[in-house]
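Take a look at the structure below.
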Amino acid sequence: MAGKQRFLVRFWGVRGSYPTPGPHTLRHGGNTSCVEIQVGSHTLILDAGSGIIQLGQDLMQQAVQQDTLDLALFITHGHGDHLVGFPFFAPLFDARTNLHLFGPELAGHNIEQLVTSLMSPPYFPVDVRTLPSHRTYHTLTGTQCICWQPDNKNPFIKQQVSSPNNPNEVRITTCMTQTHPLDGALIYCIEYAGRRLVYATDVEWSNGQEADFLALSQGADLLIHDAQYTQHDYEHIKHGFGHSTVEMATEAARAAHVHELILFHHEPTYDDDQLDRMEEAARKRFAHTRSAYEGLEIDLLQKK
Ligand SMILES: [Zn+2]
Ligand SMILES: [Zn+2]
């Protein structure tokens, strides 16, 4: 497994707040946040919105001939649009699954408590603690570094961020934004083979970008960034809701000198045509911008 060189990003859910199926969202998709990263020999998943349900089915189909299914899930925060798909994630119900689950401590609850309360009675008929899969929970508390060495299935977590020891090491560094009410959200940076991806959803840069975010994302190859609102809607209704405008996303991309920006966490009341207009407006501010849609794939080792 050490020889597998890949850094592939797939979008399974790109919507914010709540799922929006229907004819007006067909091109971008209506599922909430979920991004799959195939990196080295590892399968990493960012958030467990409703998009993770279809991803789970896909992973199970690919695993038909496998003895084990090793996965790592990174949760940004506890809001429903980032967790709603978790109880329906098929690998949880399979004994071959070995899942490392990472997430923040919020309102005094660690990530195991946050997930277990969601997937146990009275909120859900099946108790996650009774499932045959093997689950290991890791509560993250701010700026940390999670690493996988090329030949090791298990990660190790360092409290200090250091340079990679090995170009084939998969390295995830984190920081916490305080701009998302009430308890903040984790921002993740994934690094492999000299390429870096930053996942910064549920952030609101009303007073400019936070220094920790800029340090984490400086020079990244790909920035997946919250761009929920138009400037008009932000100013009139949505200020302080914890999400960015297209202008905030493009400013962040410029300030961090990233190579490409992906607009993410789309407002559920915006249809495909509205998202197209926002993408066009964003490109005038930051040329290398795309609007995320379900099924979008990006190969980071092919870029540049
Ligand atoms: Zn959200
Ligand atoms: Zn949120």
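The values are calculated or read from the model by the stated rules, or taken from the named source; none is laboratory data. Not measured: the values here are computed from a predicted model. Here the Cβ positions follow ideal geometry from the backbone for every residue, glycine too, while neighbour counts run over all protein chains shown.
Only residues that are within 16 Å of V9 (Cα to Cα), of a type outside the set (D, E) and in contact (Cβ under 8 Å) with a residue 24 or more places away in the chain were counted in region 284-304, giving 12. Checking each residue in region 64-95 for being among the hydroxyl-bearing types (S, T, Y) and touching a helix residue (DSSP H, G or I) at 6+ places or on another chain (Cβ under 9 Å) picks out only T76.
Here T269 meets each of (1) modelled with pLDDT of 95 or more; (2) away from ligand 1 (no atom under 16 Å from the Cβ); (3) surrounded by fewer than 20 Cβ atoms within 10 Å (Cβ to Cβ) with one exception, condition (2). Exactly one residue out of A253, A281, A200 is within 23 Å of D47 (Cβ to Cβ), small (G, A, S), more than 16 Å from ligand 1 (Cβ to nearest atom) and touching a Ser or Thr at 6+ places or on another chain (Cβ under 9 Å), and it is A253. Would you check if T201 is within 16 Å of ligand 2 (Cβ to nearest atom) and closer than 23 Å to W12 by Cβ? So T201 passes the test. Which ones in region 123-139 are within 13 Å of P87 (Cβ to Cβ) and of a type outside the set (D, E, K, R)? Scanning region 123-139 gives Y123, F124, P125, V126, V128, T130, L131, S133. For region 97-117, indicate whether the set of residues that are more than 20 Å from R135 (Cα to Cα) and assigned to a loop (DSSP other than H, G, I, E, B) is non-empty. Yes. Looking across H232, H180, H236, one residue alone is within 16 Å of ligand 2 (Cβ to nearest atom) and not in a strand (DSSP E or B). It is H180. Against the list (1) in contact with an Asp or Glu (Cβ under 6 Å, 6 or more places away or on another chain); (2) part of a loop (DSSP other than H, G, I, E, B), the condition R171 fails is (2).
Restricting attention to region 6-60 and to residues that are free of Cβ contacts under 8 Å to residues at least 40 places away in the same chain, of a type in the set (S, T, N, Q) and in a strand (DSSP E or B), the residue that is surrounded by the most Cβ atoms within 10 Å (Cβ to Cβ) turns out to be T43. M248 meets each of the listed conditions (1) assigned to a helix (DSSP H, G or I); (2) away from ligand 1 (no atom under 16 Å from the Cβ); (3) at pLDDT 95 or above apart from (2). Each residue in region 183-206 was checked for being part of a strand (DSSP E or B) and buried (at least 22 other Cβ atoms within 10 Å of the Cβ), and 13 pass.
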